[in-house]
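Everything below concerns the one structure shown next.
The values are calculated or read from the model by the stated rules, or taken from the named source; none is laboratory data. Since we're looking at a predicted model, the values are computed, not measured. All Cβ positions, even for glycine, are placed from backbone atoms using ideal geometry, and neighbour counts span all protein chains on display.
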Amino acid sequence: MKKLAVFPREFKSRHAWLLLTILSIVFAEVLSGSAPFGLLNPPEFLFLAAVYGGHLLVLATFVFRRNRVPTLAALWTAGAIFGMYEFYITKVLWDNPWDPVVVTQGIEVLTTVVLVGFWHPFMAFIAPLVVGEQLLVKDPHIAGLFPKWLRQPKRWVAVVLFVTVATNQGALTANPGVLAIVVPGTALVLAWAARHLVPQEKVESLADILPRGKPLFGVGFVVAATYLLFIPTWRPEVSIPVERQMIVWFIYVALAVLLVRNLRNPAAPPTVRIPHPMVTRRRVFQFLGIAVTASVIPLTQVYAVVTIWGGAVIVAAVMMASAVRGAFGGGRPGSVPGTGLESNLRRVDDLHDDEGLASTVE
């Protein structure tokens with residue numbers, strides 16, 4: 001009888017850390033077109049791994065060590081703290097490359113709301129944790145924090161496709177050569193990650209594999225070193241007076257208070273496992289057809305970007321209200337709309353079209 005190899009915990013954990021880092025870079029940078037070669041260019045990958053992997057691992061460790069079943073508001077607040085790096089590392093929230101719409105004390109308000117209130121909380125933090133938990137944890141629950149209609153994989157794929165087309169239309173039409181390299185190259189990296197970084201044996205919770213002790217100190221050191229390196233060297237022409245920084249420090253403190261208070265009590269979401277495989281040849285051709293068609297329709301990018309930014313502002317406002325209510329409201333801080341503390345964990349592997357979680361292998 002062949003013996004199964006038994007690896008030390010650190011070996012499996014480091015694979016999980018790399019997997020979560022790759023997912024964060026893909027969702028936040030590659031899909032948006034900000035860094036299409038994020039997984040293919042080694043120097044760029046190292047920088048993005050330090051920023052995205054470092055912030056995700058440190059914040060996720062803080063969240064899941066204190067609450068193994070955090071609420072969506074707690075995860076959103078941690079993701080918003082994640083997004084605040086745009087003030088000091090990239091500095092795009094002080095002097096953004098887009099045309100400023102509403103500027104207060106040198107801070108571009110709309111960009112801050114979209115990036116800190118929507119993009120980084122969901123694309124850089126929550127989405128990687130949802131996928132990572134599905135691949136690494138026995139009873140994943142983060143997807144269960146969302147309403148039933150948002151748990152449907154088809155709708156998530158539609159959202160991701162919409163965002164990708166909206167933010168990459170220029171690449172789809174003006175530079176097909178780049179697209180021809182990025183799409184298969186990124187797909188190969190993801191296939192390698194699925195083959196080599198996803199263990200057969202699942203853990204009980206993400207808290208069991210997130211860094212602790214010396215590894216956590218090492219990740220924290222990398223994050224701190226990134227700030228110390230980029231604050232004085234990246235876009236040094238951007239002036240950040242102390243009075244402007246005081247506003248940002250206040251936002252940091254406010255978000256930290258919201259996070260700590262939202263971590264007081266656990267949520268009680270259902271266990272939601274998305275069945276596999278979700279990809280079929282027909283769906284691949286359908287999505288490619290939609291993407292190509294949308295890319296050549298005039299003003300597609302304009303309509304899509306306006307929709308995304310408008311929707312992002314609404315989502316950010318709703319999540320901020322939810323975080324404040326969870327922290328200071330009279331309701332139970334651990335409750336989540338649509339689930340409640342009284343909910344029992346349940347599997348949805350066998351649910352079908354009513355929740356859109358069934359898949360057909362073709």
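Quick check, is ILE308 at pLDDT 85 or above and closer than 27 Å to VAL92 by Cα? First the steps, then the outcome.
On the way: at pLDDT 85 or above: no; closer than 27 Å to VAL92 by Cα: yes.
No.
Within region 193-240, count every residue that is within 15 Å of GLU86 (Cα to Cα) and assigned to a helix (DSSP H, G or I).
10
So the check is Cβ under 9 Å with 6+ separation or different chains; which pairs have a first residue in region 238-253 that's under 14 Å from TYR88 (Cβ atoms) and a second one that's among the polar types (S, T, N, Q) and not in a loop (DSSP other than H, G, I, E, B)?
ILE247/THR104; ILE251/THR112
Working carefully through the options GLY213, GLY144, find the one that is buried (at least 17 other Cβ atoms within 10 Å of the Cβ), out of contact with any helix residue (DSSP H, G or I) (no Cβ under 6 Å at 6 or more places or on another chain) and either of a type outside the set (S, T, N, Q) or modelled with pLDDT under 90 (or both). Write out each step before concluding.
Values: GLY213 fails: buried (at least 17 other Cβ atoms within 10 Å of the Cβ).
Sole residue among the options that is buried (at least 17 other Cβ atoms within 10 Å of the Cβ), out of contact with any helix residue (DSSP H, G or I) (no Cβ under 6 Å at 6 or more places or on another chain) and either of a type outside the set (S, T, N, Q) or modelled with pLDDT under 90 (or both): GLY144.
Quick check on region 60-69. Is at least one of its residues over 13 Å from the mean Cα position of the chain (by Cα), of a type in the set (Ser, Thr, Tyr), closer than 27 Å to LEU210 by Cβ and at pLDDT 95 or above?
yes
Would you pick out the residues in region 222-257 that are of a type in the set (Phe, Trp, Tyr) and in contact with a Gly (Cβ under 9 Å, 6 or more places away or on another chain)?
Quick first cut of region 222-257, residues of a type in the set (Phe, Trp, Tyr) only: 227, 230, 234, 249-250, 252.
Passing the criteria: none in range.
Go through the residues of region 40-55 one by one and say whether even a single one is on the phi > 0 side of the Ramachandran plot and either hydrophobic (A, V, I, L, M, F, W, C) or at pLDDT below 95 (or both).
No, region 40-55 contains no residue that is on the phi > 0 side of the Ramachandran plot and either hydrophobic (A, V, I, L, M, F, W, C) or at pLDDT below 95 (or both).
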